[in-house]
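Undergrad: Below you'll find the structure I mean.
The values are calculated or read from the model by the stated rules, or taken from the named source; none is laboratory data. Remember, it's a predicted structure, so these values are computed and weren't measured experimentally. Reconstructed Cβ throughout: ideal geometry from the backbone, glycine too, with neighbour counts over all protein chains shown.
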Amino acid sequence: MAKAAAIIITGIALALLVIYGVDVATAMDNPDKQGFLDMDHKTRGFGLGGPAMVLPIIAYFISRNDSSKGLGGMIIISGILIIIGAATVIGMADSSEAQETARDPIMETLPLLVVGLIQIGLGALKIKKS
């Protein structure tokens, strides 16, 4: 039962990450920088990104005694998507804009990179235990 719940939770996280990415891609093409969800970047991050970072970690711990290579793979994919998103933010940061706002894109995305790496590690542990 715990493994099924963990797979569902991780599936929800993956769906949130995909929706997040599509919304950001839509916002890039839109002059007013709004995606199809009509959210600003902060709301999008808290509403879609936050749960997508936490849910796979919860899924790992509720199913830590169950073996499942599929769940481990899903957790790894979730971590990879988070790291891809962080790398995209770093790559898109305009250095002149970062200097004007005194924001370092690497420091802003460091928590995302850490969470992504943690998820990849937990997914690898799940696969190794299977």
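Undergrad: From the set of residues in the range 83-103 that are modelled with pLDDT under 80 and touching a Pro at 6+ places or on another chain (Cβ under 7 Å), which is surrounded by the fewest Cβ atoms within 10 Å (Cβ to Cβ)?
TA: Ala98
Undergrad: Something else now. Can you tell me which residues in the range 28-63 are small (Gly, Ala, Ser) and either assigned to a loop (DSSP other than H, G, I, E, B) or touching a Lys or Arg at 6+ places or on another chain (Cβ under 7 Å) (or both)?
TA: Of everything in the range 28-63, those that are small (Gly, Ala, Ser) and either assigned to a loop (DSSP other than H, G, I, E, B) or touching a Lys or Arg at 6+ places or on another chain (Cβ under 7 Å) (or both) turn out to be Gly35, Ser63.
Undergrad: Right, something else. If Ile75 satisfies all but one of (1) surrounded by 13 or more Cβ atoms within 10 Å (Cβ to Cβ); (2) within 19 Å of Leu110 (Cβ to Cβ); (3) hydrophobic (A, V, I, L, M, F, W, C), what's the number of the condition it fails?
TA: All conditions pass for Ile75, except number (2).
Undergrad: Looking for whichever is modelled with pLDDT of 90 or more, more than 11 Å from the chain's Cα centre (by Cα) and farther than 20 Å from Ser130 by Cα here; the options are Gly47, Gly11, Gly73, Gly35. Which one fits?
TA: When all the criteria are applied, what remains is Gly47.
Undergrad: Scan the range 7-36 residue by residue and report those that are surrounded by fewer than 20 Cβ atoms within 10 Å (Cβ to Cβ) and aromatic (Phe, Trp, Tyr).
TA: If the condition is that a residue be surrounded by fewer than 20 Cβ atoms within 10 Å (Cβ to Cβ) and aromatic (Phe, Trp, Tyr), then Phe36 is the only one that fits.
Undergrad: How about the range 1-29: which of its residues are touching a helix residue (DSSP H, G or I) at 6+ places or on another chain (Cβ under 7 Å), more than 15 Å from Leu48 (Cα to Cα) and hydrophobic (A, V, I, L, M, F, W, C)?
TA: Ala2, Ala5, Ala6, Ile7 - these are the residues of the range 1-29 that are touching a helix residue (DSSP H, G or I) at 6+ places or on another chain (Cβ under 7 Å), more than 15 Å from Leu48 (Cα to Cα) and hydrophobic (A, V, I, L, M, F, W, C).
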